[in-house]
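The values are calculated or read from the model by the stated rules, or taken from the named source; none is laboratory data. In this text, all values refer to a predicted model and were calculated from it rather than measured experimentally. Using ideal geometry, Cβ is built from the backbone for each residue, glycine included, and neighbour counts are taken over all protein chains shown. With ligands, DNA and RNA removed, areas are computed over all heavy atoms of the protein, side chains included. Shrake-Rupley method; radii C 1.70, N 1.55, O 1.52, S 1.80 Å.
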Amino acid sequence: MKPILLQGHERSITQIKYNREGDLLFTVAKDPIVNVWYSVNGERLGTYNGHTGAVWCVDADWDTRHVLTGSADNSCRLWDCETGKQLALVKTSSAVRTCGFDFGGNIIMFSTDKQMGYQCFVSFFDLRDPSQIENNEPYMKIPCSDSKITSAVWGPLGEFIIAGHESGELNQFSAKSGEQLSNIKEHTKQINDIQTSRDMTMFITASKDNTAKLFDCTTLEHLKTFRTERPVNSAALSPIFDHVVLGGGQEAMDVTTTSTRIGKFEARFFHLAFEEEFGRVKGHFGPINSVAFHPDGKSYSSGGEDGYVRIHYFDPQYFEFEFEA
């Protein structure tokens, strides 16, 4: 399994995301550049230029017409995917931590950080109504006073969002009324990443408490737990197999004290049903900050603290692999 190395960032990667077809891979990092690559050969298609701070999150809508990015420069921006033109700019009072299109691509949501005296908000804009963005008036804004949101995704059919908090809590907020539909606390520490399954029935969380957990999207029922010895920064579900990939490592501040040989920075594969680890992939020279499966399940990518993104195409053995419980 020889990876394709993508070198397009000067700072550590914050998020990587495939579009729905999987022909494009979007990467953002703690530099202001938003890159888009061809996932088949790692060729860079282009950049989206305009941010002036670290970019925390990126998302593309279902037909890859628009790209959404949220940044520490206190803005959330909407781009034309094909031309790279900035279509809209929403100014916020604090950094935008997480953003996403609903499944129809008409409604965007993003959450802002709790910092500089501002509290954490989730804002919803309907792109079909241009006045909302022009006047910076979202049709709904939900305050989160207790613990800031560190990761959020849309639930199935765009009815609610699932938000993970710094405290380890998970909530569902209705996208229509803004009320909190349910709230659970299965993690003991911050939730770093949430990703849904291909059919949107389940989602997996990655947490600082050294575990990744699988939940039901609608009921928030806790289904499985995947345990490691170090913080999990990102977790993704395979669209074709019962496999989970976890990326993690230590806190960035402890990185220089360990050798890469110990294998702290590997991507780890677990079986979804048996919760057993069955493989590891080396490569990064630092913690893995974001992992993503290609929508066809034949490859996966990881972005690390070292600023590199690696696209790994699985060997034929991976597809013949039978898990012996």
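Backbone geometry of segment 311-324 corresponds, through the Karplus equation with coefficients 6.51, -1.76 and 1.60 at θ = phi - 60°, to 3J(HN,Hα) couplings of 9, 10, 8, 5, 6, x, 4, 4, 7, 9, 4, 9, 7, 9 Hz, x marking Gly and Pro.
Eigenvalues of the Cα gyration tensor times 5, then square-rooted: what semi-axes does that give for segment 34-178, in whole angstrom, largest first?
Numbers: eigenvalues 113, 55, 50 Å².
Ellipsoid half-lengths, sorted descending, are 24, 17, 16 Å.
When you restrict to C-alpha pairs under 8 Å that are six or more residues apart and normalise by the size of segment 77-234, the relative contact order lands at 13 percent.
From most to least packed by mean Cβ count within 10 Å, the peptides 135-146, 212-223, 25-36 give 25-36, 212-223, 135-146.
What full-extension length gain, to one decimal in nm, is calculated for residue 157 and residue 106 as 0.36 nm per residue of separation minus the Cα-Cα distance? The partial results should precede the final answer.
Numbers: separation 51, 0.36 × 51 = 18.36 nm, distance 1.20 nm.
Length gained between residue 157 and residue 106: 17.2 nm.
Before I look further, what does segment 1-316 give for accessible area per residue, probe 1.4 Å, in whole square angstrom?
Details: 13070 Å² over 316 residues.
It amounts to 41 Å² per residue over segment 1-316.
Each Cα pair under 8 Å and six or more residues apart adds its separation to the average, and for the chain the resulting relative contact order is 13 percent. Along the axis of the charge dipole computed for the chain (Cβ charges of +1 for Lys and Arg, -1 for Asp and Glu, origin at the Cα centre), the listed residues 308, 239, 4 are led at the positive end by 308. One chain, two ends: residue 137 and residue 280. Fully extended at 0.36 nm per residue, the span grows by 46.8 nm beyond their Cα-Cα distance.
Pairs of lysines in segment 171-321 whose Cα atoms sit within less than 27 Å of one another amount to 22, provided the residues are eight or more positions apart or on different chains.
Restricting the calculation to Cα atoms, the chain yields a radius of gyration followed by a Dmax of 18.4, 58 Å. The dipole here belongs to segment 1-316: it is taken about the Cα centre, uses +1 on the Cβ of Lys and Arg and -1 on the Cβ of Asp and Glu, and is about 640 debye.
Only protein atoms count toward the accessible area here, which uses a 1.4 Å probe; on the chain, the carbon and sulfur part of that area reaches 48 percent. Placing dummy labels 7 Å off each Cα toward the beta-carbon, the span from residue 179 to residue 41 is 5.5 nm.
Pop the C-beta distance of residue 129 and residue 319 into the FRET formula with R0 = 45 Å and round what comes out to the nearest 0.05.
Details: r = 46 Å, r/R0 = 1.02.
Step by step, r from the Cβ atoms, then E = 0.45.
Ranking of 83, 205 by solvent-accessible surface, largest first: 83, 205 (1.4 Å probe, protein heavy atoms only, all chains present). Taking label positions 7 Å along the Cα-Cβ direction at both residue 119 and residue 198, the computed distance is 4.2 nm, reported to one decimal. For the pair residue 91 and residue 240 in one chain, pulling the backbone fully straight at 0.36 nm per residue adds 49.7 nm over the alpha carbon distance. Backbone geometry of segment 133-149 corresponds, through the Karplus equation with coefficients 6.51, -1.76 and 1.60 at θ = phi - 60°, to 3J(HN,Hα) couplings of 6, 4, 8, 6, 10, x, 6, 7, 9, 9, x, 10, 7, 5, 9, 6, 7 Hz, x marking Gly and Pro. Distance between the pseudo-spin-label points of residue 298 and residue 83 (7 Å out from Cα toward the beta carbon): 3.4 nm. A helix-only calculation puts the chain at -500 deg cm²/dmol for mean residue ellipticity at 222 nm, using -39500 (n - 2.57) for each DSSP H run of at least four residues, averaged over all residues.
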